[in-house]
Amino acid sequence: MKLAVVGDALLDVDLSGGAERLCPDAPVPVVDVAARKCRPGGAALAAVLGDASGADVTLITGRSDDSAGRELDRLLAARCVLLDAPFSGGTPSKTRVRADGQSLVRLDVGDGMVPDIPLAAGPFEALRSADAVLVADYGRGITRNSWLRRELARLPSDVPLVWDPHPRGAEPVPRTDLVVPNHAEALSFGAGAGSAEGAEALRLRWSCGAVAVTMGARGAVVSPPGEFLRAPELVGRRPDVCGAGDSFAVSVTLALGRGVPLLEAARYGVDCASRFVAEGGAGAWACDGSEPPPPRPGSSFSRVEQVRSWGGRVVAAGGCFDLLHPGHINLLNRARSLGDALVVCMNSDESVRRLKGPPRPVVHAEDRRCLLEALECVDAVAEFDETSPSRLLEQLRPDIWVKGGDYEPDQLPEARVVERHGGRTVLVPLVDGYSTSRILRDLEHGSRIRRECHGRAG
């Protein structure tokens, strides 16, 4: 899915350490800083969360060529396509000083703003090709740009537009499908936050499709239909809630982009935001500059859980995938077209050796996994050591199990496992001329002929 995020990118910095004494000249704690870590904030955090959920993300934002702007570029380089909005002033940066996991003070610098002047063609082209659009307003002028507002108002009706507002930003365009203020923002907009009536008053004020007011650990209220969605109880004494609103907004936008009904999408957003906080919040995305940005989180099992939480269909396909070739690509593309997520069950090196005999595999498991994960159609890869993936499928419980057409159903013991859990098996016809064993035989045959020719020439 192509997700376009329009918003204000911030650089967030955490200074963390311990506080065991008070300052001698004032009753304030002295923090012995042990670590300085940077992370994407604002719309930049929304972009990396969209990427982590498997979307192809384009971020339309402004920033300066200063140290904060360059650090943001580094953090975002592998996560999304960056398209520039005009910008003047310093890149906004927010620094939290934290002691023993508790925030003591936040320092904000950077006066940069997006002016109301024309943009280049790139951002508009990205909006026109997007499957879903999220506006992440952090009060830095981007939602007041009249050229962007006109383009957002012209989005096709089948492209969900979600708007995360800010008290210092412009109001959502009436075309917006869902506006997602938090409790404090709803109050600042003059609504009775925390009530269905307050959410409905905001919906009428903005002439938008719906409003979901998020209320932290209490969940969210959505109007229409005026329903309260309770959040799961968080584990831990002092969870870091920074970024929970971005997690909610991104999750709802992606769910709507997949065709999930509004209330289900909002419930999914509440669950994702709660899980985001429980797993460390925005602080889990921080790095100290010596390492690349964190990889996409989650295993194949968490991906399955995520898709099922909004009613999606999980597809699994299995094989050795040694010497990846067009026949494999055809099978995997066909498999992905049958559902909302594809998990590839890949034989380990030892499993391949038992099935195919030495010298297989030609390509070791780590490299095979790398190639599979690079394919757009593959959402996750799970490795198994047994000859059959039956035990793995007992855990994954896919809705559809896909294998190549060179098998018969009674040759697949795992098919019974899938069927026992309510799934079905689909056999995809092979592409003529493509087989790893045949390719290896042809290579060996060619090598033998070359050796014989070389011997005769000698």
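The values are calculated or read from the model by the stated rules, or taken from the named source; none is laboratory data. Please read all numbers here as calculations on a predicted model, not as lab measurements. With ideal geometry, Cβ positions are generated from the backbone for all residues, glycine too; neighbour counts draw on all protein chains shown. For the accessible areas, the whole protein counts, side chains as well, though only heavy atoms, and no ligand, DNA or RNA atoms are used. Shrake-Rupley method; radii C 1.70, N 1.55, O 1.52, S 1.80 Å.
Data overview
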| item | result |
| --- | --- |
| Residues of the stretch 81-96 satisfying the condition of being open to solvent by 20 Å² or more (accessible area, probe 1.4 Å) and touching a residue at least 60 places away in the same chain (Cβ under 8 Å) | K94, T95, R96 |
| Check on A382, in contact with a Cys (Cβ under 8 Å, 6 or more places away or on another chain) and either at pLDDT 90 or above or surrounded by 21 or more Cβ atoms within 10 Å (Cβ to Cβ) (or both) | yes |
| Pairs with Cβ under 7 Å, 6+ apart, first in the stretch 241-252 and on the phi > 0 side of the Ramachandran plot, second open to solvent by 10 Å² or more (accessible area, probe 1.4 Å) | G243/F276 |
| Residue within the stretch 171-192 that is under 23 Å from the mean Cα position of the chain (by Cα) and of a type in the set (S, T, Y) present | yes |
| Candidates D65, D25 - the one that is open to solvent by 70 Å² or more (accessible area, probe 1.4 Å), in the same structural domain as V277 (by the TED database) and either more than 30 Å from V381 (Cα to Cα) or modelled with pLDDT of 90 or more (or both) | D65 |
| Selection from the stretch 332-374 of residues that are open to solvent by less than 70 Å² (accessible area, probe 1.4 Å), closer than 20 Å to L393 by Cα and not in a helix (DSSP H, G or I) | L338, G339, D340, A341, L342, V343, V344, C345, M346, N347, S348 |
| Filter result for the condition that a residue is open to solvent by 20 Å² or more (accessible area, probe 1.4 Å) and within 17 Å of G280 (Cα to Cα), over A35, A46 | A35 |
| Filtered residue count, the stretch 200-216, keeping only those that are touching a Phe, Trp or Tyr at 6+ places or on another chain (Cβ under 9 Å) and part of a strand (DSSP E or B) | 2 |
| Test: residue in the stretch 116-130 that is of a type in the set (D, E, K, R) and within 21 Å of T253 (Cβ to Cβ) | yes |
| Subset of the stretch 161-199 (residues that are touching a His at 6+ places or on another chain (Cβ under 8 Å) and in a loop (DSSP other than H, G, I, E, B)) | A193, G194 |
| Count - residues of the stretch 217-246 that are outside any loop (DSSP other than H, G, I, E, B), modelled with pLDDT of 85 or more and either surrounded by fewer than 19 Cβ atoms within 10 Å (Cβ to Cβ) or of a type in the set (A, V, I, L, M, F, W, C) (or both) | 8 |
| Matching residues, the stretch 391-424, being assigned to a helix (DSSP H, G or I) and under 29 Å from the mean Cα position of the chain (by Cα) | R391, L392, L393, E394, Q395, L396, V418 |
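One line per residue, one yes/no per condition, for (1) in a loop (DSSP other than H, G, I, E, B); (2) among the β-branched types (V, I, T); (3) under 16 Å from A46 (Cβ atoms):
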| position | (1), (2), (3) |
| --- | --- |
| S103 | no, no, no |
| D111 | yes, no, no |
| P118 | yes, no, no |
| L127 | no, no, yes |
| Y138 | yes, no, yes |
| T143 | no, yes, yes |
| E151 | no, no, no |
| V159 | yes, yes, no |
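Conditions tested, residue by residue: (1) closer than 23 Å to V241 by Cβ; (2) surrounded by 20 or more Cβ atoms within 10 Å (Cβ to Cβ); (3) in contact (Cβ under 8 Å) with a residue 40 or more places away in the chain.
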| site | (1), (2), (3) |
| --- | --- |
| L107 | yes, no, no |
| G112 | no, yes, yes |
| F124 | no, no, no |
| Y138 | yes, yes, yes |
| D158 | no, no, no |
| P165 | yes, yes, no |
| G169 | yes, yes, no |
